[in-house]
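Enquirer: Before I ask anything, let me first share the structure, which is written out below as structure tokens.
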Amino acid sequence: MVARLKITKTKFSTIIEFAQKVGAPPKMIKTLGGAKKEKHFEKAFQSVKDAVPPALLINGHNPLLLLHSALSGISPTDG
């Protein structure tokens with residue numbers, strides 16, 4: 001679980017920086033910042049499902065939710 005949180009915080013930081021560079025609305029940046037501080041992996045991802053700048057979508061999908069899906073199959077001993 002610690003490895004997941006580390007990856008999550010790093011990805012959130014990158015997305016927040018990008019959102020600021022592309023002029024995302026302050027509310028979106030605030031939502032992303034709140035999710036970065038969240039201690040529960042699942043809650044962090046659910047809180048930002050609609051708060052990712054459109055320029056970051058991958059084939060119309062939120063990259064954080066794609067990351068969540070990929071990491072959901074990893075057990076705590078894998079990381």
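Just so it is clear, none of the values below were taken in a lab; they were calculated from the coordinates. Keep in mind that what you see is a predicted model, and the values were worked out from it rather than measured. With ideal geometry, Cβ positions are generated from the backbone for all residues, glycine too; neighbour counts draw on all protein chains shown.
Enquirer: Which number do you get for Rg(Cα) / (2.2 N^0.38 Å) in region 2-72?
Expert: With N residues counted in region 2-72, Rg over 2.2 N^0.38 Å equals 1.00.
Enquirer: Set the Förster radius R0 to 25 Å, insert the Cβ-Cβ distance between Lys49 and Lys21 as r into 1/(1 + (r/R0)^6), and round the FRET efficiency to 0.05.
Expert: With a Förster radius of 25 Å, E is 0.70.
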